[in-house]
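Enquirer: Take a look at the following structure, please.
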């Protein structure tokens, strides 16, 4: 009997023509049949937004590195919903990335890359988000090679129904990696900055930005692993309940 190859949905938040998604698709072709569904333009820091108030398009486009994919006018989370429910007959695994830049600590709350994996988990599919932890001269091949290893492990072992894996790979040649660490989410906060400018008609507009003001990479955290040259794998639970505080909250005299 011929064994059916796994069906893998690949998406990202850097846009369908980003170098990271190209490297990921090419690598995962060794694992299964890959369908690319990604935003038509960069949607970084889009969080877990979904589109409810306009039609979604999914246009089949030729990819610069060969083959075809679907470019959408939606968010990364939209891409997963479209892929799983409309564009693929079956989906066995969702892989989001390879993101240009880290997704550590509180980055998870903003990241379109991680949110796409969250949506995959909500759709009942084992899901992985993978990022390369730098912006300059990225070693995408290192992250892509590890994505193949991890995809095979997840397909073999599965994941709990409400857990995804958030992966950050140091920006190093593969030979310089110091191993793999199973980590917790660290702390990474930004100072919000708003810069006011005026357009040619004198009307104000604003640029949002920010700089890191807290990067607490304590022992066992995702940031600590990356700084040590290790690949960080953080299992992320979709249940956001603060159970310990819930016990205190019950003592408030309701």
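Enquirer: I need the full set of residues from the range 27-57 which are surrounded by fewer than 17 Cβ atoms within 10 Å (Cβ to Cβ), closer than 29 Å to residue 4 by Cβ and in contact with a helix residue (DSSP H, G or I) (Cβ under 8 Å, 6 or more places away or on another chain), in order please.
Expert: Scanning the range 27-57 gives 30, 56.
Enquirer: Let me ask you something else. Given (1) within 21 Å of residue 91 (Cα to Cα); (2) buried (at least 19 other Cβ atoms within 10 Å of the Cβ), identify the lone condition not met by residue 18.
Expert: (1)
Enquirer: With the condition being in contact with a strand residue (DSSP E or B) (Cβ under 6 Å, 6 or more places away or on another chain), buried (at least 16 other Cβ atoms within 10 Å of the Cβ) and at pLDDT 95 or above, I'd like the helices (runs of 4 or more DSSP H) fully within the range 97-166 carrying at least 3 qualifying residues. Steps first, answer last, please.
Expert: Numbers: elements: 107-110, 112-122, 140-157.
It comes to 112-122, 140-157.
Enquirer: Which of the residues belonging to the range 1-22 are part of a loop (DSSP other than H, G, I, E, B), modelled with pLDDT of 95 or more and more than 17 Å from the chain's Cα centre (by Cα)?
Expert: Scanning the range 1-22 gives 5, 6.
Enquirer: Residue 57 versus (1) in contact with a strand residue (DSSP E or B) (Cβ under 7 Å, 6 or more places away or on another chain); (2) modelled with pLDDT under 95; (3) on the phi < 0 side of the Ramachandran plot: which is the lone unmet condition?
Expert: That leaves (2) as the condition not met.
Enquirer: Hey, another quick one. In the list 174, 192, which residue meets the criterion of being surrounded by fewer than 16 Cβ atoms within 10 Å (Cβ to Cβ) and under 20 Å from residue 21 (Cα atoms)? Quick ask: steps written out before the conclusion?
Expert: Details: 192 fails: under 20 Å from residue 21 (Cα atoms).
On inspection, the qualifying residue turns out to be 174.
Enquirer: So which of 43, 25, 90 is at pLDDT below 95 and either assigned to a loop (DSSP other than H, G, I, E, B) or on the phi < 0 side of the Ramachandran plot (or both)? If you could, list the steps in order and put the result at the bottom.
Expert: Values: 25 fails: at pLDDT below 95; 90 fails: at pLDDT below 95.
Among 43, 25, 90, only 43 is at pLDDT below 95 and either assigned to a loop (DSSP other than H, G, I, E, B) or on the phi < 0 side of the Ramachandran plot (or both).
Enquirer: Confirm whether residue 66 is without any contact (Cβ under 8 Å) to a residue 40 or more places away in the chain, buried (at least 17 other Cβ atoms within 10 Å of the Cβ) and assigned to a loop (DSSP other than H, G, I, E, B). If you could, list the steps in order and put the result at the bottom.
Expert: Details: without any contact (Cβ under 8 Å) to a residue 40 or more places away in the chain: yes; buried (at least 17 other Cβ atoms within 10 Å of the Cβ): no; assigned to a loop (DSSP other than H, G, I, E, B): yes.
Here the answer is no, as residue 66 does not meet what is asked.
The values are calculated or read from the model by the stated rules, or taken from the named source; none is laboratory data. Since this is a predicted model, take the numbers as computed values, not measurements. Because the Cβ atoms are built from the backbone with ideal geometry, glycine has one as well, and the counts that use them run over all protein chains shown.
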